[in-house]
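Let me begin by presenting the structure, written as structure tokens, before commenting on it.
The values are calculated or read from the model by the stated rules, or taken from the named source; none is laboratory data. Every value quoted in this text rests on a predicted model; they were computed, and no experiment measured them. As a convention, Cβ positions derive from the backbone with ideal geometry for all residues, glycine included, and neighbour counts pool all protein chains shown. Keep in mind that these areas ignore ligands, DNA and RNA; they rest on the heavy atoms of the full protein, side chains included. Shrake-Rupley method; radii C 1.70, N 1.55, O 1.52, S 1.80 Å.
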Amino acid sequence: MYMNEAALAIDVGATKVAVGLVARDGAVLARVDIRSKVATLQELNDSLADAISQVCHREGVKIVGAGIGSAGPIDNAKGTINPVNILHWVDFSLVDFVREVSGISSVRIIGDASALAYAEFVLGAGRGATNVMGIVVSTGIGGGVVLNGAFHVGRTGNAGMIGHSVVVQNGEFCACGQRGCVEAYASGTNMAKEFGVENFEAVADAARSGDAKAIAAIDKGAAVLALGLLNSVALMDLDTIVVGGGVMNADDVYWPILVKHFEKEMKALNFPGKVALKKATLGKDSGLVGAGLVGFIPREERG
């Protein structure tokens, strides 16, 4: 019987974990989502184990590896994660857990935004570019990079973590423990907090109706993110930035404001030339697809 090759893919976000099978061409063959905001560690681990079991038992598919994209920080040498928005997984050995549950020996972990960056570089808005940063703007903010045409994860797997770069000295307190991080102002959660609600969707709805306070909250967050992007361009000589994540579900109100601030910041930085700011094109599956694609990378090529 003909067997499609696939990789087990796991995308760990702040509020949910997506588990799926991804083919070499990026097609998602199966997907199960579970909640990461649950009462106990055991409940979370049991849900993940059940989701892995569901997607791995699919007829006609040969699983050749596994890739994990996780909210950070991570340690890809130890295979552990410490997502600042998932309190149950503190120094959690997710790679070992996935190996044990799935029976797959070849498991690689990267940052969730690195997964988006790689997927968009291979299949999406970053195709044909050379130096790409992909960012996720959602409950938190993450980033990942491709430099000189090669996927770059850094020493611990956290290269490109723009959300925890400091742009305001002695600024707002961030969930990571630092002050003045990009995430403390520019995440969907913190733009919602600025407006006085619990979720960014409410901010976007109010902005669509012309609410000045809602527009100001988005403007403040986008301005800080644009400054973080400027710093990233200056540090890495980027040619393309791809933006995805939950906030981009409201791109009708968010995107024009971000573009305005980014173009304003870039006017004073003339050495890189034109830097393309693009919307991610792979939608909600981008992180899952990226995680799956790195599951196909031969062990000897893994950074």
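Rolling a 1.4 angstrom probe over the protein heavy atoms with all chains in place gives the stretch 1-107 an accessible area of 46 Å² per residue.
Please report, to one decimal in angstroms, the Kirkwood hydrodynamic radius of the stretch 4-104 built from all distinct Cα-Cα pairs.
On the way: mean 1/r = 0.0733 Å⁻¹.
Across the stretch 4-104, the inverse of the average 1/r is 13.7 Å.
Using the 2.2 N^0.38 Å rule of thumb for compact globular proteins, work out how the stretch 138-184 stacks up: its C-alpha Rg over that value, please.
Working: Rg = 12.2 Å, N = 47, 2.2 N^0.38 = 9.5 Å.
Scaled against compact globular proteins, the figure is 1.28.
The modelled label-to-label distance for the pair Arg35/Val166, using points 7 Å beyond Cα in the direction of Cβ, is 3.7 nm.
For the chain, the number of Lys pairs separated by eight or more positions or lying on different chains, with C-alpha atoms closer than 18 Å, is 12. One compactness figure for the stretch 35-90 is 1.32, namely its Cα radius of gyration divided by 2.2 N^0.38 Å. Less than 5 angstrom separates the built amide H of Gly126 from those of Phe121, all sequence-distant by 5 or more or on a different chain.
Per-residue Karplus couplings for the stretch 63-76, computed as 6.51 cos²θ - 1.76 cosθ + 1.60 with θ equal to phi - 60°, are listed in order as 8, 9, x, 9, x, 10, x, 10, 3, x, x, 10, 10, 6 Hz, Gly and Pro entered as x. Protection proxy ranking of 198-211, 139-152, by the mean of other Cβ atoms within 10 Å over each peptide's residues and highest first, is 139-152, 198-211.
When DSSP beta bridges are restricted to pairs lying wholly in the chain, around 55% turn out antiparallel. May I ask you to list the residues of the stretch 38-74 whose amide nitrogen lies under 18 Å from a point 7 Å from Cα along the Cα→beta-carbon direction of Glu5? The answer is 60-68, whose backbone nitrogens lie closer than 18 Å to the label point.
Determine the calculated [θ] at 222 nm for the chain from helices alone, applying -39500 (n - 2.57) to every DSSP H run no shorter than 4 residues and normalising by the residue count; nearest 500 deg cm²/dmol. All intermediate terms of the calculation are to be shown ahead of the outcome.
Details: 9 runs with 108 residues, N = 303.
Result for the chain, helices only: -11000 deg cm²/dmol.
Can you pull out the trypsin sites (Lys or Arg not before Pro) in the stretch 1-47 that DSSP calls coil and that have at most 16 other Cβ atoms within 10 Å?
Arg24, Lys37
Ratio of Rg to Rh for the stretch 174-303: 1.02 [Cα atoms; Kirkwood radius as inverse mean 1/r over pairs]. Relative to the 2.2 N^0.38 Å rule of thumb, the stretch 47-177 has a C-alpha radius of gyration ratio of 1.14. Remark: the stretch 94-162 projects, on average over all directions, an area of 5.5 nm² (convex hull of Cα atoms). What a 1.4 Å probe finds exposed on the stretch 12-61 is 47% carbon and sulfur by accessible area, rounded to a whole percent. Each listed q (0.21, 0.24, 0.28 Å⁻¹) maps to a log10 I(q)/I(0) for the stretch 254-300, found by the Debye formula over equal Cα scatterers with no solvent: -0.79, -0.86, -1.00. Full extension of the segment from Glu43 to Leu269, taken as 0.36 nm per residue of separation minus the current Cα-Cα distance, would add 76.4 nm. When all alpha-carbon pairs of the chain are counted, what percent fall beyond 32 Å? Every Cα pair in the chain considered, those over 32 Å come to 23 percent.
What's the carbon and sulfur percent of the stretch 187-297's accessible surface, probe 1.4 angstrom, rounded to a whole number? Could you put the intermediate results ahead of the total?
Numbers: 2590 of 4940 Å².
Using a 1.4 Å probe with all protein chains present, the stretch 187-297 comes out at 52 percent carbon and sulfur.
Stretching Ala202 away from Ser105 to a fully extended chain increases their span by 30.6 nm, per 0.36 nm per residue minus the current alpha-carbon distance.
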